[in-house]
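What follows is calculated from the coordinates using simple rules that are stated; it is not laboratory data. Quick caveat: nothing in here was measured; it's all calculated off a predicted structure. Here the Cβ positions follow ideal geometry from the backbone for every residue, glycine too, while neighbour counts run over all protein chains shown.
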Amino acid sequence: MLPAYISHSDCVRHEMGEHHPECPERIGAISDHLLIKGLLDYMRPYDAPLASEEQLARAHSLSYVREIANMAPGEGYAQVDPDTWMNSYTYLAALRAAGAAVLATDLVVQRKATVAFCNVRPPGHHAERNAAGGFCFFNNVAVGIRHALDVHGLERVALVDFDVHHGNGSEDILYDDVRVLMCSTFEKNLYPYRGSVPRGPNMINVGLAPHSGGEAFRAGVTEHWLPALDMFRPQMIFISAGFDGHREDDMGNLGLVEADYEWVTRQIMQVAQRHAQGRVVSCLEGGYVMSPLARSVAAHVKVLIGAD
Ligand SMILES: [Zn+2]
């Protein structure tokens, strides 16, 4: 049984115009670096399948899923929100990204993989039940979580989100689902300008001041996430793995470094060992400067797959 590495070439065909930060090169920058670091030697590669309408409709309304399908342009671009655009491959890529989370869930729950990392785009954590936004169309982790709960019958699943932006989409979909605990850290007063007041008791929102650095990030996780996770005893953990809080990434100002991503991954894996038989699925969210993105993902994956 090996860790799973899930991606798809369709994820590189989606693009939102020249100079858009959420660019196709992200996928190759990550896979190249994982290859160079030797980490892919320890993982089994899988092609992401297409998520079905039924799978997507566990996290989104069916009318929203069909609305996105209908917006896909035959050529050129279709604007979904000021930052979020579709080209003729976007719908396929979005189905692959959500399908990756479904496959990852199947592999990990059925003990065909120890853990899984999904190197996919578009990202998902800003996609709400009925709205795209922030470069996101379908909420990949939420689709995976509902698959774990509704199809595999798990009773308690945790989502942890360390992207520099608040996962408003995940909160919108999951805040009234008592089977889910969501723990997030994010930079305050940054897009999507939400998260300061949690929408449900199952939401642990840790807003961090700009420039507060790794020490404040680690304190937030230690003081707020870990006690809540230990009390909740998740049977499986999903990670919204965003790396745009890195100090070399101009999308945010938290000033995190690779060692912080390594540290938080270790905390998550220890919770997973205590409560969840080590079952963890990690899905790529943000991270927009290629070198720190690739290095941070490698630091994360090394601990995720136990190669540290
Ligand atoms: Zn982000």
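You will find that of Asp176, Asp172, the residue that is surrounded by fewer than 24 Cβ atoms within 10 Å (Cβ to Cβ), in a loop (DSSP other than H, G, I, E, B) and of a type in the set (D, E, K, R) is Asp176 and no other. For region 139-162, filtered to residues that are within 16 Å of the ligand (Cβ to nearest atom) and in a loop (DSSP other than H, G, I, E, B), the residue that is surrounded by the most Cβ atoms within 10 Å (Cβ to Cβ) is Asn139.
Looking at region 163-174, is at least one residue more than 16 Å from the ligand (Cβ to nearest atom), without any contact (Cβ under 8 Å) to a residue 60 or more places away in the chain and of a type in the set (A, V, I, L, M, F, W, C)? So far as region 163-174 goes, yes, one or more of its residues are more than 16 Å from the ligand (Cβ to nearest atom), without any contact (Cβ under 8 Å) to a residue 60 or more places away in the chain and of a type in the set (A, V, I, L, M, F, W, C). Note on region 92-138: residues that are hydrophobic (A, V, I, L, M, F, W, C), outside any strand (DSSP E or B), in contact with a Ser or Thr (Cβ under 8 Å, 6 or more places away or on another chain) and within 16 Å of the ligand (Cβ to nearest atom) total 4.
Residues in region 102-138 that are closer than 27 Å to Leu190 by Cα, crowded, with 24+ Cβ neighbours inside 10 Å, touching a helix residue (DSSP H, G or I) at 6+ places or on another chain (Cβ under 7 Å) and not hydrophobic (A, V, I, L, M, F, W, C): Asn119, Arg121, Pro122, Gly124, His125, His126.
Restricted to region 277-293, and to residues there that are surrounded by fewer than 24 Cβ atoms within 10 Å (Cβ to Cβ) and within 16 Å of the ligand (Cβ to nearest atom), the residue that is farthest from Ile36 (Cα to Cα) is Tyr288. If the condition is being hydrophobic (A, V, I, L, M, F, W, C) and part of a helix (DSSP H, G or I), then region 41-86 contributes Leu56, Leu62, Val65, Ile68, Ala69, Met71. Considered as a group, the residues in region 233-256 that are polar (S, T, N, Q) and more than 11 Å from the ligand (Cβ to nearest atom) include one that is nearest to Gly144 (Cα to Cα), and that residue is Gln235.
The single residue among Glu285, Glu248 that is among the acidic types (Asp, Glu) and within 19 Å of Ala116 (Cβ to Cβ) turns out to be Glu285.
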